[in-house]
Amino acid sequence: MIVGLIVNPIAGMGGRVALKGTDGVVEEAIKRGAKPVALDFTKLFLSELSHYDIDVEFLTGPDGLGEDVLKEFNFPYKVIKHREVGQKEVFSVKIPDTTKEDTKVLARLMKDKVGVLLFAGGDGTARDIYEAIDKEKPILGIPTGVKMFSGVFATSPEDAARLLVEFTKGNAKLVEQEILDLDENAYRHDEVKAKPYGRALTPYVENLVQGTKEPTPLDEEEELDAVAEAIVEELGDGVYFLGAGSTIKKIKDRLGIDGTLLGVDIVEIKNGKAKLLVKDAQEKDLLKYIHRNPKIIVTVVGGLNFLFGRGNQQFSPEVLRYIPKENIIIVATPSKVKGAIRVYTGDRKVDERLKGYIKVRISPWAERVVKVI
């Protein structure tokens, strides 16, 4: 089978530095200290794939659009050199000089030649490819972005490899999955809404493909308010890393701080009073307070069932390896924890330490023990 592979080389750079994406803000991300991560996650995909006896040939883009990473493996591949791709230097960091038009052009050139088109990126990259080829070929995302709310992504780069293997064997069915991205107008009004842009064909095997982001049901909002109030009353003195999302925003509001909706905030509680130490913190800010034995308060992303790895990459492996599991407070409505929840940081040791069972606060008086996978 001929497989398309397009890498968005800047995808995910905004995650650890507290940007909510990377498109249009790559210079700001680099200024804050961000480094390219998409190639590293693509290597995890190819490394996993190399363990299987699979007869595939890749069709890819030049240089950082796919060629650079395939050079390091033994898979046969051909490059579509649609143009000369140079490098640009931003604050001493060299990155490929590419745009979303490169993704779209490559997708159009590949669609009649491949059996499936894989891409390494986030929701923005998924939108670009969908706009270029619609449902003409199945697509599958290797998750390397920041948010990844769409249903076309494998749950991890390794699962993308396993899914490709099953697809080549005829064991994966094709389903229509939603392409979602953040509704920018809602964002400006302090709301988290994933806006639908269409439905793409995606290879599907249960537990290898994520769902799509789901809002909190209206009938659970009142219960969530009560949970937030109860948790705030129970918090003792100390430093807290408060995660993203509307669920945790309710806790921030009840603490009386001007916290972010989509970012991570660092708060200190002393003598029952909360003080905002860092608003919209980056990974490096969290690391500065690691010695204070902080606690993390986070929620589960509805539909995706992710605890870490979607939209909160500030909680990097470097941060999480210092946080005891008992210092992680999870708040979620019952609808968000019907089954297992996931973590994926890209660091196997950190992920393994977080796996097992963990308590999730689902009401003012009740917890649910949930499996972390």
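The values are calculated or read from the model by the stated rules, or taken from the named source; none is laboratory data. Keep in mind that what you see is a predicted model, and the values were worked out from it rather than measured. Glycine gets a Cβ as well: all are built from the backbone with ideal geometry, and neighbour counts include every protein chain shown. For the accessible areas, the whole protein counts, side chains as well, though only heavy atoms, and no ligand, DNA or RNA atoms are used. Shrake-Rupley method; radii C 1.70, N 1.55, O 1.52, S 1.80 Å.
Summary table
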read-out: Quotient of Cα Rg and 2.2 N^0.38 Å for region 1-115, N being how many residues it contains; value: 1.11
read-out: Axial C-alpha extent at least 18 Å, average Kyte-Doolittle at least 0.5 - helices from the chain (DSSP); value: none
read-out: Rh (Kirkwood; distinct C-alpha pairs) - region 203-361, Å; value: 16.0
read-out: Virtual spin-label span in nm between Glu221 and Met1, 7 Å along Cα→Cβ; value: 4.3
read-out: R0 of 51 Å, Cβ-Cβ distance Ile290-Glu206: FRET efficiency to nearest 0.05; value: 0.85
read-out: Full-stretch length increase - Lys35, Lys349 - with 0.36 nm per residue and alpha-carbon distance subtracted; value: 110.9 nm
read-out: Sorted peptide list for 2-8, 45-51, criterion being average Cβ within 10 angstrom, highest first; value: 2-8, 45-51
read-out: DSSP bridge pairs, the chain: antiparallel proportion in percent, nearest 5; value: 50
read-out: Lysines whose Cα lies under 29 Å from that of Lys270, excluding same-chain neighbours fewer than 8 positions away; value: Lys249, Lys250, Lys252, Lys279, Lys284, Lys288, Lys295, Lys325, Lys359
read-out: Isotropically averaged projected area of region 272-315, using the convex hull of Cα atoms (one quarter of hull area), nm²; value: 4.0
read-out: Accessible surface of region 112-264 [probe 1.4 Å, protein heavy atoms]: carbon and sulfur percent; value: 42
read-out: For the chain, built as a Gaussian network whose Cα springs stay under 10 Å, the top-fluctuating residue of Thr22, Thr168, Thr260; value: Thr168
read-out: Pairwise label distance in nanometres, Thr99 with Lys169, each label 7 Å out on the Cα-Cβ vector; value: 4.3
read-out: Extension reserve of the Asn74-Glu229 stretch, reckoned as 0.36 nm per residue once the Cα distance is removed; value: 50.2 nm
read-out: Gained length - Tyr52 relative to Asn327, 0.36 nm times residue gap less alpha-carbon distance; value: 95.1 nm
read-out: Listed residue pairs exceeding 32 Å between alpha carbons, taken from Lys81/Lys169; Lys193/Lys275; Lys195/Lys275; value: Lys195/Lys275
read-out: Highest-fluctuation residue, Glu223, Glu158, Glu67 considered, GNM on the chain with Cα pairs under 10 Å; value: Glu223
